[in-house]
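Notes follow the structure.
The values are calculated or read from the model by the stated rules, or taken from the named source; none is laboratory data. Small disclaimer: the values here were computed from a predicted structure and weren't measured. So basically every Cβ, Gly included, is an ideal-geometry build from the backbone, and we count neighbours across all protein chains shown.
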Amino acid sequence: MRIGVHCFPLKADIGGMKQYFLSLFGELLEQDRENEYIFFHSPKNVGELCELPSTRWRASAVELTKTTRVARCLKGLDLYFSPFCVLIPRPLPLPTVVMIPDNQEVFYPDFFSERQKCTRAWHHQGSARMADRVLTISEFSKATLAEHYGVNSKKICVAPLCTDPRFGRALEIARRPAALLPEGKFLFYPANRWQHKNHDTLLRALRLLAVEKGIKLPLVLTGHDMADGYPVARKAAEYGVADQVFAVGYVAPEELAWLYAHAEMTVFPSLFEGFGLPLVEAMAARCPVACSTAGSMPEVGGDAVEYFDPQSAPEMAAAIERICKNPTLREILIHRGRVRAAAFTPARLAKAHLQAFREARQAFNPLRHAWNALCYQHYHAWTVGRKYPQEMANQKK
């Protein structure tokens, strides 16, 4: 098959979705010789594509300045795949597959502006219902997409994420970040400052440990600050833990490996995850994990992490204390984590995608697809427009 790949949303600051893209196509470009991948991209994300280990992507890449121009380049394609939630343009007169990792806006609407909720309702839900196959990253996400987006579960395929294989050799590849870091033991949380990442409860747990338990552990944070995101520096000062918080920003994979390898533990307090890739990274790097029970995380962590209620600072503090004070528990978590992380491989990720591509091509019927797309386009525009009239007007400009 000749498979078009929609790469326009690929950027440095999109968190786990960038790692997903690099892992997937790192594997497909190296191992899949039956299919040809045509990368539609913008001039702005050539740098991210250059991070792929294979240069095979360059052979048939198409650089465009606008996504709407993709429609002019469809001749000869057997399938169109969007790894980043949105089929643009749509509808398309060929089989389509879209990756939608989650529908967080259903669970935490307050974390999204009206414009963002409209965009997700119009683009994410619309793409999911129009595509021939929908890929997602966990059984949890499959169930919630089927329930809340009205998508037949039979057309949703689960492709669990994988970590960079180098994290299995964390000490070998590790490079200490140049930023200021604490001496000795520290907690580690890798996450952009999105609201659902729940930095607030983690800071309150940090204060509880220091004030009530006499355990004053530094906390190292990586990731980007986000527009309308959580104000870590201001809140750390408000809670009296500013001297314990070290925000080091974006770090390279080798620096991330160093942090996992030297951390006392990774603490992952997120309120919602479609998967939770840092759990697998930490487990692969032999770093014990204290983790939220929300979303997909029990599915990913299994019996290899120590759980807590993400809404409870005391529970979070207690989980951190258990790992700190119990060397036996720590070693058990490290051993179980290594075993569990080994199940999340690039080969497994690629195999699930190839299966979805084959199913989409088999399911595609040009006449039925054209009729369904026309009907749904009008129905969906009407229903979303009733809920978000001003936002929909702006979408169409």
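Only one of the listed residues (Ala318, Ala263, Ala304) is touching a strand residue (DSSP E or B) at 6+ places or on another chain (Cβ under 6 Å), aliphatic (A, V, I, L, M), assigned by TED's automatic domain parsing to the domain that holds Leu180 and modelled with pLDDT of 95 or more. That residue is Ala263.
Val289 passes all but one of (1) surrounded by 22 or more Cβ atoms within 10 Å (Cβ to Cβ); (2) in contact with a Pro (Cβ under 7 Å, 6 or more places away or on another chain); (3) among the β-branched types (Val, Ile, Thr); which number fails? It is condition (2) that Val289 fails. Here Lys66 meets the list (1) farther than 26 Å from Gly385 by Cα; (2) free of Cβ contacts under 8 Å to residues at least 12 places away in the same chain; (3) not acidic (Asp, Glu) almost entirely, failing just condition (1). Scanning region 319-337 for residues that are crowded, with 19+ Cβ neighbours inside 10 Å and not β-branched (Val, Ile, Thr) yields a count of 4. With (1) surrounded by 17 or more Cβ atoms within 10 Å (Cβ to Cβ); (2) modelled with pLDDT of 95 or more as the list, and His369 as the residue in question, which single condition is left unmet? If we test His369 against (1) surrounded by 17 or more Cβ atoms within 10 Å (Cβ to Cβ); (2) modelled with pLDDT of 95 or more, just (2) comes out false. The residues listed here are Leu49, Leu92, Leu87; of these, the one that is farther than 12 Å from Ile3 by Cβ, touching a helix residue (DSSP H, G or I) at 6+ places or on another chain (Cβ under 8 Å) and either aromatic (Phe, Trp, Tyr) or at pLDDT 90 or above (or both) is Leu49.
From the list Glu281, Glu273, Glu299, pick out the single residue that is surrounded by fewer than 24 Cβ atoms within 10 Å (Cβ to Cβ) and of a type outside the set (Ser, Thr, Tyr). Among Glu281, Glu273, Glu299, only Glu299 is surrounded by fewer than 24 Cβ atoms within 10 Å (Cβ to Cβ) and of a type outside the set (Ser, Thr, Tyr). If you go through region 338-347 and pick out every residue that is surrounded by 15 or more Cβ atoms within 10 Å (Cβ to Cβ) and within 18 Å of Ser138 (Cβ to Cβ), you end up with 5. Is region 147-161 home to any residue that is buried (at least 18 other Cβ atoms within 10 Å of the Cβ) and among the acidic types (Asp, Glu)? The answer is no, given that none of the residues of region 147-161 is buried (at least 18 other Cβ atoms within 10 Å of the Cβ) and among the acidic types (Asp, Glu).
Across region 1-31, the number of residues qualifying as surrounded by fewer than 19 Cβ atoms within 10 Å (Cβ to Cβ), under 21 Å from Ala347 (Cα atoms) and among the acidic types (Asp, Glu) comes to 1. Has region 123-130 got at least one residue that is out of contact with any Asp or Glu (no Cβ under 8 Å at 6 or more places or on another chain) and either surrounded by fewer than 18 Cβ atoms within 10 Å (Cβ to Cβ) or at pLDDT 95 or above (or both)? No, every residue in region 123-130 fails to be out of contact with any Asp or Glu (no Cβ under 8 Å at 6 or more places or on another chain) and either surrounded by fewer than 18 Cβ atoms within 10 Å (Cβ to Cβ) or at pLDDT 95 or above (or both). The single condition from (1) touching a residue at least 24 places away in the same chain (Cβ under 8 Å); (2) part of a loop (DSSP other than H, G, I, E, B) that Val151 fails is (1). Gly126 passes every criterion in (1) farther than 25 Å from Gln362 by Cα; (2) out of contact with any Lys or Arg (no Cβ under 6 Å at 6 or more places or on another chain); (3) part of a helix (DSSP H, G or I) apart from (1). Quick check: is even one residue across region 98-106 modelled with pLDDT under 90 and not in a strand (DSSP E or B)? No, there is no match, as no residue in region 98-106 is modelled with pLDDT under 90 and not in a strand (DSSP E or B).
Only residues that are of a type in the set (A, V, I, L, M) and in a helix (DSSP H, G or I): list them for region 266-303, please. Within region 266-303, Leu277, Leu279, Val280, Ala282, Met283, Ala284, Met297, Val300 meet the criteria.
Determine whether region 32-39 contains at least one residue that is closer than 20 Å to Leu354 by Cα, part of a loop (DSSP other than H, G, I, E, B), out of contact with any Gly (no Cβ under 7 Å at 6 or more places or on another chain) and without any contact (Cβ under 8 Å) to a residue 40 or more places away in the chain. For region 32-39, residues closer than 20 Å to Leu354 by Cα, part of a loop (DSSP other than H, G, I, E, B), out of contact with any Gly (no Cβ under 7 Å at 6 or more places or on another chain) and without any contact (Cβ under 8 Å) to a residue 40 or more places away in the chain: present. Only a single item in (1) within 28 Å of Pro253 (Cβ to Cβ); (2) surrounded by 14 or more Cβ atoms within 10 Å (Cβ to Cβ); (3) free of Cβ contacts under 8 Å to residues at least 60 places away in the same chain is not met by Val86, and it is number (3).
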